[in-house]
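Novice: Handing you a structure now.
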Amino acid sequence: MNKEIMSRVVKKRLADPKVVQYVWAAIEVVRNQKQIANMDRISKYLSRMFGMHPKETARQLSLAVKDGLVVETLTVGCKGSKAGIEQEGYWLPGDEMEPEAEGNKQEWEAESHDWYCFECHLPGDVLECDNCFRVYHLKCLPDEFKPKDGGSHWQCGACRGSKKKNLNKQEMSKYLRFIVQRMKERAVDLAKKGKDTKHPMYKRLIHTALEVSNIHENLSEGKYKSFDEFKADAQLIVHNTAILYGVNSDQAEIARLLFSDTCHELNELLLCKTCFYLSNARPDNWFCYPCSPNHDLVWAKMKGFGYWPAKVLQREENQVDVRFFGHQHQRAWIPSDNIQDIKVKVQQLQVKRSSGWKKACEELEVYQ
C-alpha cells in the first residue's frame with residue numbers, strides 16, 4: 001500500500017465494543033458486591049456469563065484501558081487475604097474521579113469522527129472521511145473508493161453519493177414518507193429486541209446516535225437533498241446497532257433487513273416515481289394512471305400460464321421485468337422469448353380467455 005495513503009490512516013480504538021460492554025457489566029457486578037474489580041474477578045464473570053477465555057479477557061481489558069473506556073488504578077485491599085495489599089482495580093470511566101464540572105465536554109464527546117469502521121463496525125486503523133464523521137478500514141473499502149494518494153481531499157462513498165440532487169424537498173417527502181412508514185414497522189422489532197439491554201454508557205461507543213424517528217424528523221424538516229443521504233442514515237442505524245449488540249446479533253440482523261428493505265424501496269422509486277407513488281397511495285384504478293415516461297406495453301408469458309398484458313419496468317440482457325394488469329398486479333422477470341408486442345393480435349397468442357384475463361384486458365383498455 002502506498003506510504004502516502006498509509007500516512008492518512010489513524011488509530012482510533014482497539015477493543016471490541018461488544019466486549020467493552022461485557023467488561024462494564026462485570027465491573028458493576030463486582031463493585032456492587034463491595035469488592036475491587038480486579039482482573040481475576042472480571043475474568044471469572046466473563047467466563048461464566050459469556051464463555052470468554054481468560055487470555056482474551058486480559059487482552060480486551062488491556063485494549064479497553066488504552067481506549068479510555070475502562071480506567072485502571074492501583075487500590076489497596078481492605079479485607080480478607082488481600083487486606084493491605086496493593087492490587088489493580090478497574091473502573092468505569094468517570095467513576096474513579098470527582099465529577100467533571102458541568103458544561104465541560106470530555107475528550108470522547110468532542111471527537112469529530114466515529115471510532116469504528118462504517119463497513120464492518122469494528123475497531124482498528126481507519127481512514128477518516130474529510131467531509132463527514134465516518135471512518136473505514138482500508139481493507140473494507142471497494143477499490144473505487146480508496147484514496148489515490150495521501151494528499152488529496154478524500155470523501156467516503158456516502159458523501160460522494162449525497163452530492164447527487166434527486167428531487168426538491170416536497171417531492172422527497174412525498175415519496176420517502178412511504179419508506180419511512182415501513183422502516184417504523186420494522187423498527188418496532190428492533191426496539192423489542194434491544195429493550196433494556198443498552199448500557200447507560202453506550203454514548204461512549206456511539207458517535208452519532210440515530211433512530212428511525214430522527215429520520216422521520218429529518219424528512220419532515222426537508223433535510224434530505226438526495227436519496228443517498230437518506231440511504232446513508234438508514235445504514236447508520238445498522239452501524240450503531242452492530243456496535244451496541246454485536247455484528248452477528250439478532251438486533252443487527254433486524255437492522256440489516258431494515259436497510260435491505262430500504263434499499264429495495266429506493267431502487268423501486270428510481271425505476272418509476274409514478275408507479276412507486278401510486279402503488280403505495282392506492283387511489284382507485286391506480287394501475288391505470290399514466291406514467292412519465294410511459295412504460296412499454298407487452299404480452300408476457302409466465303411459465304405454466306398463457307400471455308397476459310403487462311407493463312415493462314426494466315430490461316436486463318435477455319430478461320424483462322414486468323408488472324401484469326389484472327387483480328393482483330403481480331411482478332415477474334420474464335425471458336425475452338416470452339414477450340410479445342402489445343400490438344400482436346390476441347388470436348395469434350392462443351390465450352385462454354378466463355375471467356381474470358378478461359379483467360386484465362379491461363384494465364389495459366382503461367390505461368390506454
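The values are calculated or read from the model by the stated rules, or taken from the named source; none is laboratory data. Since the model is a prediction, treat every value here as computed from it, not as a measurement. Counting neighbours? That spans all protein chains shown, and the Cβs are built from the backbone with ideal geometry, glycine included.
Novice: From the list Val188, Val180, which residue is surrounded by 15 or more Cβ atoms within 10 Å (Cβ to Cβ) and either modelled with pLDDT of 95 or more or not acidic (Asp, Glu) (or both)? Please lay out each step first, then the result.
Specialist: On the way: Val188 fails: surrounded by 15 or more Cβ atoms within 10 Å (Cβ to Cβ).
The conditions single out Val180.
Novice: For the subset of the stretch 135-147 comprising residues that are touching a residue at least 24 places away in the same chain (Cβ under 8 Å) and surrounded by fewer than 18 Cβ atoms within 10 Å (Cβ to Cβ), which member is farthest from Glu119 (Cα to Cα)?
Specialist: Residue satisfying both the conditions and the ranking: Lys146.
Novice: Still on this model: Please go through the stretch 302-316 and give me each residue that is among the charged types (D, E, K, R) and modelled with pLDDT of 90 or more, ordered by number. Give the derivation first.
Specialist: Taking the stretch 302-316 as the starting set, the residues that turn out to be among the charged types (D, E, K, R) are 303, 311, 315-316.
Answer for the stretch 302-316, where residues must be among the charged types (D, E, K, R) and modelled with pLDDT of 90 or more: Lys311, Arg315, Glu316.
Novice: Now for a separate question. Pick out the one residue from Arg48, Arg59, Arg13 that is modelled with pLDDT of 95 or more, closer than 30 Å to Tyr136 by Cβ and charged (D, E, K, R). Quick ask: steps written out before the conclusion?
Specialist: On the way: Arg48 fails: closer than 30 Å to Tyr136 by Cβ; Arg13 fails: modelled with pLDDT of 95 or more.
So the residue among Arg48, Arg59, Arg13 that is modelled with pLDDT of 95 or more, closer than 30 Å to Tyr136 by Cβ and charged (D, E, K, R) is Arg59.
Novice: Within the stretch 310-350, can you find the residues that are surrounded by 12 or more Cβ atoms within 10 Å (Cβ to Cβ) and among the basic types (Lys, Arg)?
Specialist: If the condition is that a residue be surrounded by 12 or more Cβ atoms within 10 Å (Cβ to Cβ) and among the basic types (Lys, Arg), then Lys311, Arg315, Arg323, Arg331 are the ones that fit.
Novice: Would you be able to say whether some residue in the stretch 6-25 is within 22 Å of Val126 (Cβ to Cβ) and small (Gly, Ala, Ser)?
Specialist: So far as the stretch 6-25 goes, yes, one or more of its residues are within 22 Å of Val126 (Cβ to Cβ) and small (Gly, Ala, Ser).
Novice: Which ones in the stretch 37-63 are touching a Ser or Thr at 6+ places or on another chain (Cβ under 7 Å) and crowded, with 19+ Cβ neighbours inside 10 Å?
Specialist: Ile42, Ser43, Leu46, Thr57
One line per residue, one yes/no per condition, for (1) in a loop (DSSP other than H, G, I, E, B); (2) at pLDDT 90 or above; (3) touching an Asp or Glu at 6+ places or on another chain (Cβ under 9 Å):
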position: Pro200; (1), (2), (3): yes, no, no
position: His207; (1), (2), (3): yes, yes, yes
position: Leu219; (1), (2), (3): no, yes, no
position: Asp233; (1), (2), (3): no, yes, no
position: His239; (1), (2), (3): no, yes, yes
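Novice: For Lys303, indicate whether it is basic (Lys, Arg) and either touching a residue at least 40 places away in the same chain (Cβ under 8 Å) or over 29 Å from Leu270 (Cβ atoms) (or both). Give the derivation first.
Specialist: Details: basic (Lys, Arg): yes; either touching a residue at least 40 places away in the same chain (Cβ under 8 Å) or over 29 Å from Leu270 (Cβ atoms) (or both): no.
The answer is no for Lys303.
Novice: Can you tell me which condition Asp284 does not meet? The list is (1) assigned to a loop (DSSP other than H, G, I, E, B); (2) under 27 Å from His329 (Cβ atoms); (3) under 14 Å from the mean Cα position of the chain (by Cα), and all the others hold.
Specialist: Failing condition for Asp284: (3).
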